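Chemist: This structure is in structure tokens; I'll ask about it shortly.
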Amino acid sequence: TRAFVTMVIGLLLRVYFNLRVKNRGKVPRKGSFIIAANHTSLLDFPVIYTALPTKQMREVAAPAAKDYFFKSTFKSFLVQSAFKAFPLERYGNFFEGLKVCAKVIKLGKPLVLFPEGTRSIKGTLQPFKPGIGLLACELGVPIVPVYIKGAYEALPKGAWFPKPEPIEVKFGDPIYPEEYIKLKGKLKNYEVYK
């Protein structure tokens, strides 16, 4: 089922949204890493998922908002079977959510997280939360920055049906946490993570 869903989603994104991917070669070929992307649309994770190299696509996991994706059986089935998504409590205990993410990383899997925490209403970048920095520094894994262009125009928050706008995904150079870990003691941990 997953292979079929992946194929359909990939075809839809490439044809309907004319999906373009830049710098795919910057994605680490093995081990855990965190993909950190801007978040403006429900299309963001499917777009990242489709843009990844095949091996990483098979391995990647993502937390999905428990209050949104796991309220209905259909949505829950869709995100779990298609994307290996797992429920994350957005409004509950912050550290419990990070513990679940840490378990995935310790299994050697890549993880997609959105540092803004939620979709942007206006399509502009919002302040980052410190969770990704905490995971990267404490577990010693790189962060791969990703910029998604066009997803907001295609399906902004509140819209029900996507428009056929072109979407581009651009992977950046991995950010390794070693330089930031050296700042511990000079700055508060919260500042280092942020």
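The values are calculated or read from the model by the stated rules, or taken from the named source; none is laboratory data. Predicted, not measured: the structure shown is a model, and the values here were computed from it. A quick note on method: Cβ atoms are made from the backbone with ideal geometry, for glycine too, and the neighbour counts reach across all protein chains shown. Side chains are part of the model used for accessible areas, which takes the heavy atoms of the whole protein and leaves out ligands, DNA and RNA. Shrake-Rupley method; radii C 1.70, N 1.55, O 1.52, S 1.80 Å.
Chemist: Heavy atoms only, probe 1.4 Å: what % of the accessible area of the chain goes to carbon and sulfur, would you let me know? Intermediate results must be reported in sequence, preceding the final value.
Modeler: Numbers: 6810 of 11000 Å².
Here it works out to 62 percent.
Chemist: Separate question: Taking 29 Å as the cut-off for C-alpha to C-alpha distance, list the pairs among Lys30/Lys194; Lys66/Lys194; Lys99/Lys163 that go past it.
Modeler: Lys99/Lys163
Chemist: Calculated from DSSP H runs of 4 or more alone, at -39500 (n - 2.57) each and per residue, what is the 222 nm mean residue ellipticity of the chain, nearest 500? Intermediate results must be reported in sequence, preceding the final value.
Modeler: Values: 10 runs with 79 residues, N = 194.
About -11000 deg cm²/dmol.
Chemist: Quick check on the stretch 18-147: take the gyration tensor over C-alpha atoms, sort the square-rooted eigenvalues as a ≥ b ≥ c, and tell me if it's rounded (a/c under 1.5), prolate or oblate.
Modeler: The shape class here is rounded.
Chemist: Only Lys, Arg, Asp and Glu count, each charged at its Cβ (+1, +1, -1, -1), so figure out the dipole size of the chain about its Cα centre, rounded to 20 debye.
Modeler: Charge dipole, the chain, about its Cα centre: 300 debye, nearest 20.
Chemist: To continue, here is another question. Cα centroids of the stretch 18-96 and the stretch 119-148: how far apart, whole angstrom?
Modeler: The two parts, judged by their Cα centres, are 13 Å apart.
Chemist: Spin-label point model (7 Å from Cα, Cβ direction): what's the Arg90 to Phe77 distance in nm?
Modeler: For Arg90 paired with Phe77, the spin-label model returns 2.4 nm.
Chemist: Check cross-link reach from Lys129 to the aspartates and glutamates: straight Cα distance under 16 Å, and skip same-chain residues fewer than eight apart.
Modeler: Here the aspartates and glutamates satisfying the reach criterion relative to Lys129 are Glu89, Glu96, Glu116, Glu138, Glu191.
Chemist: Right, something else. Would you mind getting me the FRET efficiency between Lys103 and Lys157? Use the beta-carbon distance for r and R0 = 41 Å, nearest 0.05.
Modeler: The formula returns an efficiency of 0.90 here.
Chemist: Same structure, new question: For the stretch 140-179, go through all pairs of different Cα atoms, get the mean of 1/r, take its inverse, and jot down that Kirkwood value in Å.
Modeler: The answer is 12.1 Å.
Chemist: Can you give the accessible area per residue of the stretch 64-110, in Å², using a 1.4 Å probe?
Modeler: Working: 3030 Å² over 47 residues.
Per residue, the stretch 64-110 has 65 Å² of solvent-accessible surface.
Chemist: State in Å² the accessible area per residue of the stretch 111-194; use a 1.4 Å probe, count heavy atoms of protein chains only, and round to the nearest integer.
Modeler: Result: 59 Å² of accessible area for each residue.
Chemist: Using only the alpha-carbon atoms, how far is helix 73-83 inclined from the longest principal axis of the chain? Give it as 0 to 90 degrees, nearest 10.
Modeler: 70 degrees
Chemist: Please report, to two decimal places, log10 I(q)/I(0) for the stretch 1-90 at q = 0.11 Å⁻¹ as given by the Debye formula with identical point scatterers on the Cα atoms and no solvent.
Modeler: Those come out to -0.32, one per q.
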